[in-house]
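A.B. asks: Below: one structure in structure tokens.
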Amino acid sequence: MRAVVQRVKYARITINHSEKKHIRDGSLILLGIEESDNLNDIEWLAGKIARLRIFNDDEKRMNLSLLDIRGEAMVVSQFTLHASTKKGNRPSWIRSAKPEVAEPIYVEFVKVLGSHLENKIVTGDFGAHMEIELVNDGPVTIYLDTKQKE
């Protein structure tokens, strides 16, 4: 499981050109799921993201987590995080989980992340066309991969 976590002042998602959702002061999480991902990956990644100290304290040091600031989160499924570009110019997503495998893992990830956080979690619609606008704060962008947790 891979995640790109961005510290944001604001993020808005438009789903299928109509439905709009937004967050303020929190994290935008792009989540890529592989066939081999499991509950241990979900729990590790959700906990890591909730406790990741990427928000500024009073001294402008990144000492606070999403939990500490009671920040909001937006989670968007992003199968392209598993793109392989080894051959040619067209990416391959052979490592990305098929939708019937990935969607239940995505739903469980959102649930587990929600068990860590007090504020709202906004999600995209799995498999839908989405447009995301954001104000990256810092900018701060962190890449996490459960296959590299040790």
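The values are calculated or read from the model by the stated rules, or taken from the named source; none is laboratory data. The structure displayed is predicted, hence computed values, not measured ones. Methodologically, a virtual Cβ is constructed for each residue, glycine included, from the backbone with ideal geometry; neighbour enumeration extends over all protein chains shown.
A.B. asks: Which residue, of LEU28, LEU45, is buried (at least 20 other Cβ atoms within 10 Å of the Cβ) and outside any strand (DSSP E or B)?
C.D. replies: Values: LEU28 fails: outside any strand (DSSP E or B).
When all the criteria are applied, what remains is LEU45.
A.B. asks: Identify, from the list SER84, SER115, the residue that is of a type outside the set (D, E, K, R) and over 18 Å from LEU52 (Cα atoms). It would help to see each step written out before you state the result.
C.D. replies: Working: SER115 fails: over 18 Å from LEU52 (Cα atoms).
Checking each option against the conditions leaves just SER84.
A.B. asks: Could I ask something else about it? Name every residue in segment 38-82 that is charged (D, E, K, R) and over 19 Å from LYS149 (Cα atoms), in order of residue number. Talk me through it step by step, then tell me what you get.
C.D. replies: Taking segment 38-82 and keeping what is charged (D, E, K, R), we get 41, 43, 48, 51, 53, 57-61, 68, 70, 72.
Selection gives ASP57, ASP58, GLU59, LYS60, ARG61, ASP68, ARG70, GLU72.
A.B. asks: Continuing with this model, one more query. VAL76 - would you say it is in contact (Cβ under 8 Å) with a residue 40 or more places away in the chain, part of a helix (DSSP H, G or I) and not aromatic (Phe, Trp, Tyr)? Step through it out loud before you land on a result.
C.D. replies: Values: in contact (Cβ under 8 Å) with a residue 40 or more places away in the chain: yes; part of a helix (DSSP H, G or I): no; not aromatic (Phe, Trp, Tyr): yes.
In short, no.
Results for (1) closer than 21 Å to ILE13 by Cβ; (2) acidic (Asp, Glu); (3) touching a helix residue (DSSP H, G or I) at 6+ places or on another chain (Cβ under 8 Å), shown as yes or no for each residue.
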{"site": "ILE42", "(1), (2), (3)": "no, no, yes"}
{"site": "ILE49", "(1), (2), (3)": "yes, no, yes"}
{"site": "LEU81", "(1), (2), (3)": "yes, no, no"}
{"site": "ARG95", "(1), (2), (3)": "no, no, yes"}
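A.B. asks: Still on this structure, I have one more. Determine, yes or no, whether ASN89 is of a type outside the set (Asp, Glu), assigned to a loop (DSSP other than H, G, I, E, B) and without any contact (Cβ under 8 Å) to a residue 40 or more places away in the chain.
C.D. replies: On the way: of a type outside the set (Asp, Glu): yes; assigned to a loop (DSSP other than H, G, I, E, B): yes; without any contact (Cβ under 8 Å) to a residue 40 or more places away in the chain: yes.
Yes, satisfied.
Matching residues to (1) modelled with pLDDT under 95; (2) buried (at least 16 other Cβ atoms within 10 Å of the Cβ); (3) among the aromatic types (Phe, Trp, Tyr); (4) not in a loop (DSSP other than H, G, I, E, B):
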position	(1), (2), (3), (4)
GLU103	no, no, no, yes
PHE109	no, yes, yes, yes
GLY114	no, yes, no, yes
GLU118	yes, no, no, no
GLY127	yes, no, no, no
TYR143	no, no, yes, yes
LYS147	yes, no, no, yes
GLU150	yes, no, no, no
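A.B. asks: For the structure I just gave you, tell me whether ALA3 is surrounded by 13 or more Cβ atoms within 10 Å (Cβ to Cβ), without any contact (Cβ under 8 Å) to a residue 24 or more places away in the chain and under 23 Å from MET130 (Cβ atoms).
C.D. replies: Working: surrounded by 13 or more Cβ atoms within 10 Å (Cβ to Cβ): yes; without any contact (Cβ under 8 Å) to a residue 24 or more places away in the chain: no; under 23 Å from MET130 (Cβ atoms): yes.
When the stated conditions are applied, ALA3 does not pass them.
A.B. asks: Name every residue in segment 48-68 that is over 13 Å from LEU113 (Cβ atoms), surrounded by 15 or more Cβ atoms within 10 Å (Cβ to Cβ) and aliphatic (A, V, I, L, M), in order of residue number.
C.D. replies: Narrowing segment 48-68 to residues over 13 Å from LEU113 (Cβ atoms): 53-64, 68.
The next check asks that each one be surrounded by 15 or more Cβ atoms within 10 Å (Cβ to Cβ); those that pass are 54-56, 64.
Hits for segment 48-68 are ILE54, LEU64.
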